[in-house]
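Okay, so here's the structure we're looking at.
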Amino acid sequence: MLCLGVCVCVTDLRKQARQLENELDLKLVSFSKLCTSYSSSRDGHRGDTSDTTPLLNNSTQDRMFDTMSVEIEQLLAKLTAVNDKMAEYTNAPGTTSLNAALMHTLQRHRDILQDYTHEFHKTKGNFLAIREREDLLGSVRKDIETYKSGSGVNNRRTELFLKEHEHLRNSDRLMDDTISIAMATKENMTSQRGMLKSIQSRVNTLANRFPTINNLIQRINLRKRRDSLILGTVIGVCTILLLLYAFH
């Protein structure tokens, strides 16, 4: 008798679970269609400048979303309660022979509940993300329209100020580049001057240390000058003789 009573109770709970699952399935399908239509309506009105019809449609869809979310959450809570009641019967005394079947049935309904819960949260999250993104884009578009609808003179002045500011920034950058080049050139010339001084000092040091070499260099220079004078004299005499010969 106890097993019979348990079977009757479990059968009633299974009927309730199936009914709730069917309702959840229909609600989730409608909920998914609502989210899809919400995104489509946003895309359809993205280029529309009207402030009445899109807002009315979106506000209606938002209310429908909130209502369906509450209904689905209530159905999930009821299905969870039914599954908990079935779990209580699996631990009832005198139902050892039915435990395997009850556990299988309970696990199946729990899996269905988990799938529905996951699908609901996923669809709800996607809807909220789309609504947040579209609200942000709508705010940006509104700011752009407000800027475009402003005074033309003010916009023109703003553009001129921006261009002038950009010119000043470019001039500052060119001046900085010119100053950097000048500083680098100055440093390079200073370095070369130091190198030449160092070479000159080394040559003077060598000349002072080796006076014989210095005298030899001076003699070589005198001999070069003497040879140059002799060679110039010979060339001059030859040239004069050739001219005299040519005119005679």
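The values are calculated or read from the model by the stated rules, or taken from the named source; none is laboratory data. Bear in mind the structure is a predicted one, so any value in this text is a computation, not a measurement. In this analysis, Cβ positions are derived from the backbone assuming ideal geometry, glycine residues included, and neighbour counts consider all displayed protein chains. For accessibility, only protein heavy atoms count, side chains too; no ligands or nucleic acids. Shrake-Rupley method; radii C 1.70, N 1.55, O 1.52, S 1.80 Å.
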Spin-label model distance (nm) - MET175 vs MET189, 7 Å beyond Cα toward Cβ: 2.2
Ordering MET86, MET189 by accessible area with a probe of 1.4 Å, largest first, what comes out? MET189, MET86
Sum of side-chain charges, MET68 neighbourhood, beta-carbon under 10 Å (Lys, Arg +1; Asp, Glu -1): 0
